[in-house]
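Below is one structure, written out as C-alpha cells; the observations come after it.
Every number here is computed from the coordinates shown, using simple stated rules; none is lab data. Note that this is a predicted model, so its numbers are computed, not measured. All Cβ positions, even for glycine, are placed from backbone atoms using ideal geometry, and neighbour counts span all protein chains on display.
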Amino acid sequence: MTDLTIGFIGFGLIGGSIAKGLKRACPEIKIMAYMRTRSKLEQAKQDKVVDVILDGIDETLNSCDLIFLCTPVEYNAQYLSAVRPYLKPGAVITDVGSTKTDIHREVASLGMESCFIGGHPMAGSEKTGYENATDRLLENAYYIITPTSQSKEEDTSRLVTIAELIGAIPIVLDYREHDRI
C-alpha cells in the first residue's frame, strides 16, 4: 500500500471507524488526526489508532498521502480551504459527507479538482463519537466514491483500495447525478 500516512480532520464515529479499520488491515499505516476534543484523540492514541495528534491545520499535514475530512458537511468546505496550502504533490483529499454538490463546487472554486475525490460510506449508528467507533463499522457497507472530472484513475483506485481494506464495498459514481447519496 502506498498511502502510508493518512490524516483525519474530525475523528468521530466514521473517521474513527475508518482509522480503526485501516490499522486492523495495515498496522504500519501512520495516522494523524485533528479534532476540537483533544481528550478523544488522547484516547485514540492510547488505543494505538492515532500515531500523531495534530494541534491544528498546519504544515504537519504535508507528510500525508491521503487526508479525510470527517467533520459535519457544513464544515468540510472550510477545512478544505484550510488544508489546501499543506497538501503535498500527489496527495489526495476526500470527505465522508452525505451530500456532494456543495463540496464539489468548493473543490472547483479552489482549483482542487485534480486532488479531491469525494466519498460517503453508507454506514453509521444511533451512537456518535470516537468512543463508539469500531474497526468493523463499514464492513459490507457501500462506500460511494465520487471523483471529479480531473481525478486521476490511479487516485480513484487508491480510494477503492482503502474502502476494500476496511471491508466496505466501493461504488464509483458521478456526483452530479447523485447529490444526496
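Scan the stretch 18-102 for trypsin sites (Lys or Arg not before Pro) in coil per DSSP, keeping those whose Cβ has at most 12 other Cβ atoms within 10 Å, and list them by number.
Passing sites in the stretch 18-102 are Arg36, Lys48.
Give the longest segment of the chain that steers clear of GluC sites (Glu not before Pro) in DSSP loops with at most 16 neighbouring Cβ atoms within 10 Å, not counting the sites themselves.
Looking at the chain, 29-112 is the longest stretch - no exposed GluC sites (Glu not before Pro) with at most 16 other Cβ atoms within 10 Å.
Could you give the nm distance between label points at Arg24 and Gln150, where each point is 7 Å from its Cα heading toward the beta carbon?
If labels sit at Arg24 and Gln150, their model points lie 3.7 nm apart.
Full-extension gain between Lys88 and Ser157, please, as 0.36 nm times their residue separation minus the C-alpha to C-alpha distance.
Contour length minus Cα-Cα distance gives 23.0 nm.
Among Leu110, Leu22, Leu159, which one shows the highest mean-square fluctuation when the chain is modelled as a Gaussian network with alpha-carbon springs under 10 Å?
Leu110
Go from 0 up to the bin containing the longest alpha carbon distance in the chain, width 5 Å each, and give me the % of pairs per bin.
Over the chain, the share of Cα pairs per 5 Å bin runs 1, 9, 19, 23, 23, 16, 6, 1, 0 percent.
Quick one: go through the stretch 55-75 and flag any residue whose amide nitrogen is under 14 Å from the point 7 Å out along the Cα-to-Cβ line of Glu106.
Under cut-off, by backbone N: 68-75.
Mind checking which helices in the chain clear 30 Å along their axis (Cα) and have mean Kyte-Doolittle hydropathy of -0.5 or more, DSSP H runs only?
Counting only whole DSSP H runs, no helix qualifies.
Show log10 I(q)/I(0) for the stretch 83-181 at q = 0.22 Å⁻¹, two decimals, from a solvent-free Debye sum over equal Cα scatterers.
So the normalised log intensities work out to -1.17.
Would you list which aspartates and glutamates come within 12 Å of Lys40, measuring only between C-alpha atoms, while excluding same-chain residues fewer than 8 positions from it?
Of all the aspartates and glutamates, those that pass the test against Lys40 - Cα under 12 Å, at least 8 places apart if same chain - are Glu131.
Given the DSSP H assignment, sum -39500 (n - 2.57) over each helix run of at least 4 residues in the chain and divide by its residue total; what's the result at 222 nm in deg cm²/dmol, nearest 500?
The per-residue figure over the chain is -9000 deg cm²/dmol.
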